Amino acid sequence: MEAKYHMTQKDNIFVARRNIVDYIWKSAKLEGLTVTYPATDAIFNGMSAAKVPVDEIIAVNNLKHAWRFILEDLDYPPNLNFICEINRIVGGDTLIRGAGSIRKLPASIGGTTWKPDIPIESQVKEQLSETLSIKNPTERAIMLTLYIMRKHMFIYGNKRTAMLAGNHVMISSGCGIISVPIDEIENFRELLIAFYESGNPRELSLFLYDKCIDGMEFEPED
């Protein structure tokens, strides 16, 4: 997978910060939250948002803090400890108990009878190491995202954690931002279910590459 964008890390951070409310809103919609874009913008900026459930306000604020975390730690390797910290922020102590800890209980996924195995820490570390050894950063980011989603490492927030971890790789390498457009959410969900069941990432990885990478091309600096 060739990079779709060729930005400096500084420029990629600029793009992320410029569009961060949009990325948070799309991430929230991907999880089935009802929050609107104007309400997301209000919550992000510390203002009140009428008629938004408290748990959705918390979820948006947690995404805000998680984005801040990855943007401020782009030089930190996205290893298991880092990914667990993303999940801890996404879940937060007030939203889900045990956020940031590897799942030790069985899990069910809506839309399929397939069930992920309970993750074993030593295996997760080995598999993450293999994924992070992929040389191409766009491919590495997409495969890391898909690995975390299907591994279902956490009780809560696996898709959000996966997208943030993938974007940590994307932004640090200047390759853009992974974000599922609103009009592609249903297609994404269908492909994700198929990926859960088959374990074959090809179709979903191509979909993310073709439809879900955002960015800008900048004039080279003199």
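The values are calculated or read from the model by the stated rules, or taken from the named source; none is laboratory data. Since this is a predicted model, take the numbers as computed values, not measurements. Methodologically, a virtual Cβ is constructed for each residue, glycine included, from the backbone with ideal geometry; neighbour enumeration extends over all protein chains shown.
Are any of the residues in segment 148-157 of a type in the set (A, V, I, L, M, F, W, C), in contact with a Pro (Cβ under 8 Å, 6 or more places away or on another chain) and either surrounded by fewer than 20 Cβ atoms within 10 Å (Cβ to Cβ) or not in a loop (DSSP other than H, G, I, E, B) (or both)? Looking for residues that are of a type in the set (A, V, I, L, M, F, W, C), in contact with a Pro (Cβ under 8 Å, 6 or more places away or on another chain) and either surrounded by fewer than 20 Cβ atoms within 10 Å (Cβ to Cβ) or not in a loop (DSSP other than H, G, I, E, B) (or both), one finds none in segment 148-157, hence no. For segment 96-112, the count of residues that are assigned to a helix (DSSP H, G or I) and closer than 19 Å to Asn62 by Cβ is zero. Can you tell me which residues in segment 47-94 are surrounded by fewer than 17 Cβ atoms within 10 Å (Cβ to Cβ), at negative phi and over 18 Å from the mean Cα position of the chain (by Cα)? Across segment 47-94, the qualifying residues are Met47, Ser48, Ala50, Pro53, Val54, Asp55, Asp93, Thr94.
Report yes if some residue within segment 41-56 is of a type outside the set (D, E, K, R), under 19 Å from Ser179 (Cβ atoms) and part of a helix (DSSP H, G or I); otherwise report no.
yes
For segment 83-102, which positions are touching a Gly at 6+ places or on another chain (Cβ under 9 Å) and at pLDDT 80 or above? Once the filter is applied, which keeps residues that are touching a Gly at 6+ places or on another chain (Cβ under 9 Å) and at pLDDT 80 or above, segment 83-102 yields Cys84, Glu85, Ile86, Asn87, Arg88, Ile89, Val90, Gly91, Gly98, Ala99, Gly100.
Kindly indicate which of Glu139, Glu190, Glu186, Glu197 is out of contact with any Leu (no Cβ under 8 Å at 6 or more places or on another chain), crowded, with 18+ Cβ neighbours inside 10 Å, not in a loop (DSSP other than H, G, I, E, B) and not β-branched (Val, Ile, Thr).
Glu139
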